[in-house]
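The values are calculated or read from the model by the stated rules, or taken from the named source; none is laboratory data. Bear in mind that the values here come from a model prediction, so they are computed numbers and not experimental data. Heads up, the Cβs are rebuilt from the backbone with ideal geometry, glycines too, and the neighbour counts pull from every protein chain shown. Keep in mind that these areas ignore ligands, DNA and RNA; they rest on the heavy atoms of the full protein, side chains included. Shrake-Rupley method; radii C 1.70, N 1.55, O 1.52, S 1.80 Å.
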Amino acid sequence: MSIETFMAEQGDVIARTLERSDAATFSNMVSAYDRILFVGSGSSLNALTIVRPWLQPIIRQPVEVINPAVFLREVETIFGNPLVVILSQSGTSSTSIEAARAVRAKDWQVVVITADPGSPIGELGLPMILLPIGEEPIGPKTKGFTASIAACFGLAAGLAKRDLPALPSQSVNRTTEASRMAVKALIDGPDLPSYIVITGSGRHFGVALEASLKIAEIAGIATAGFEPEELLHGRLHGTDANSLVIMIAADEQERDLASHTAVVMAERGVEVVLLNLTEAVTPFDWFQIDAGAVLPLDTILASIPFQRLAVDLALRREMMPDAMTYPGLSKALAIKTLTR
């Protein structure tokens, strides 16, 4: 199977993830805590970054997203009674495994979210939420990432005592298919961008980070992900006529800001387009879908066009999307305990 297969499976995988009861079961077992620590790296960190801005104002307690390496450096300075959520899709990330061991030694409340109960992190015997994604034995995760968003929102909704909207598999599948034509139109010219910048606010900052990661690891193109405010404060000076800026707009204010940025940068020869999640279209839309009815799961739909963009950029560059730019790099860097 290939990344194309895994991308096509996302509608069903997300539906299965949202239907599972283990997230709700765990949330009902949680006792008092004074903060939540979300721990993960790579795509896992990005999925957790998506969920934090939705959860924190509802529960009115601090929610922090932290890389496992940083967590391990600071674990002895963490006081109080945290609830620790460790997300590791493969269950093989070395520092996430060590972070789980450290939490177990502290006797803090913890849950591990993973796709493989037989993985090194799954075998630690900690409470677990299973991602029902099946096999995805390639480096760049697609269905694993969107299922992670779904599972983390499922847990967050349980902790917050809130219901999530339905996200039918047909909606995911329609977005997947619509992405094909949108991406083709975006990169149909003779030259590909040499630098791609993606922005997103709030929960969509994590989408921007994941988009940047996917394009870099699949297509080998330099990328960056920012909050829009950071983009406007100097980052645009690093763009030129060979750059592409994609701004995610999830509400009217973000849409107006992105449209204004597109006008200003067009005068300077830089292309700025919108991934527009509002109901009103703009002349600068790359991809537009009214996703207001499925908040906060609009983040899942927003992630899918970037997956397609990364794959098609790789194909245009005559690269193998499944293999990533430098095959075997994770093993060489010793960031995984084993290859699967």
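Among the residues of the stretch 198-229, those that are within 23 Å of Asp251 (Cα to Cα), open to solvent by 30 Å² or more (accessible area, probe 1.4 Å) and part of a helix (DSSP H, G or I) comprise Arg203, Phe205, Leu209, Glu229.
Of everything in the stretch 179-197, what is surrounded by fewer than 17 Cβ atoms within 10 Å (Cβ to Cβ) and more than 30 Å from His237 (Cβ to Cβ)? Give them in sequence order. Matches in the stretch 179-197: Arg180, Met181, Lys184. Is there a residue in the stretch 140-162 that is open to solvent by 50 Å² or more (accessible area, probe 1.4 Å) and of a type in the set (Gly, Ala, Ser)? Checked against the condition, which is being open to solvent by 50 Å² or more (accessible area, probe 1.4 Å) and of a type in the set (Gly, Ala, Ser), the stretch 140-162 yields no hits at all.
None of Ile129, Ile133, Ile149 is within 30 Å of Thr325 (Cα to Cα), of a type in the set (A, V, I, L, M, F, W, C) and outside any helix (DSSP H, G or I) except Ile133.
All but one of (1) surrounded by 18 or more Cβ atoms within 10 Å (Cβ to Cβ); (2) not in a loop (DSSP other than H, G, I, E, B) hold for Ser119; state the number of the condition that does not hold. Tallying (1) surrounded by 18 or more Cβ atoms within 10 Å (Cβ to Cβ); (2) not in a loop (DSSP other than H, G, I, E, B), Ser119 fails exactly one: (2). State yes or no: is Met319 within 20 Å of the chain's Cα centre (by Cα) and touching a residue at least 60 places away in the same chain (Cβ under 8 Å)? In short, no. Scanning the stretch 55-67 finds no residues that are more than 25 Å from Glu9 (Cα to Cα), open to solvent by 10 Å² or more (accessible area, probe 1.4 Å), modelled with pLDDT under 95 and more than 21 Å from the chain's Cα centre (by Cα).
Among the residues of the stretch 101-113, are any of a type outside the set (Ser, Thr, Tyr), within 30 Å of Pro305 (Cβ to Cβ), under 18 Å from the mean Cα position of the chain (by Cα) and open to solvent by 40 Å² or more (accessible area, probe 1.4 Å)? Within the stretch 101-113, not a single residue is of a type outside the set (Ser, Thr, Tyr), within 30 Å of Pro305 (Cβ to Cβ), under 18 Å from the mean Cα position of the chain (by Cα) and open to solvent by 40 Å² or more (accessible area, probe 1.4 Å). Give the residue that is nearest to Leu131 (Cα to Cα), with candidates limited to residues of the stretch 5-19 that are open to solvent by 20 Å² or more (accessible area, probe 1.4 Å) and among the small types (Gly, Ala, Ser). It comes out as Ala15. Contact map, the stretch 5-29: first residue more than 27 Å from Pro305 (Cβ to Cβ), second residue surrounded by 19 or more Cβ atoms within 10 Å (Cβ to Cβ) and of a type in the set (Val, Ile, Thr), Cβ cut-off under 8 Å, separation 6 or more or different chains; pairs are Asp22/Ile129; Phe26/Val111; Phe26/Ile129. Of all residues in the stretch 289-334, which are open to solvent by 20 Å² or more (accessible area, probe 1.4 Å), closer than 27 Å to Ala249 by Cα and in contact with an Asp or Glu (Cβ under 9 Å, 6 or more places away or on another chain)? Within the stretch 289-334, Ile289, Asp290, Gly292 meet the criteria. Checking the stated criteria, Ile133 turns out to be in contact with a Gly (Cβ under 6 Å, 6 or more places away or on another chain), within 17 Å of Glu9 (Cβ to Cβ) and among the aliphatic types (A, V, I, L, M). Taken together, Gly11, Gly42 contain a single residue that is of a type outside the set (Asp, Glu) and at positive phi, which is Gly42.
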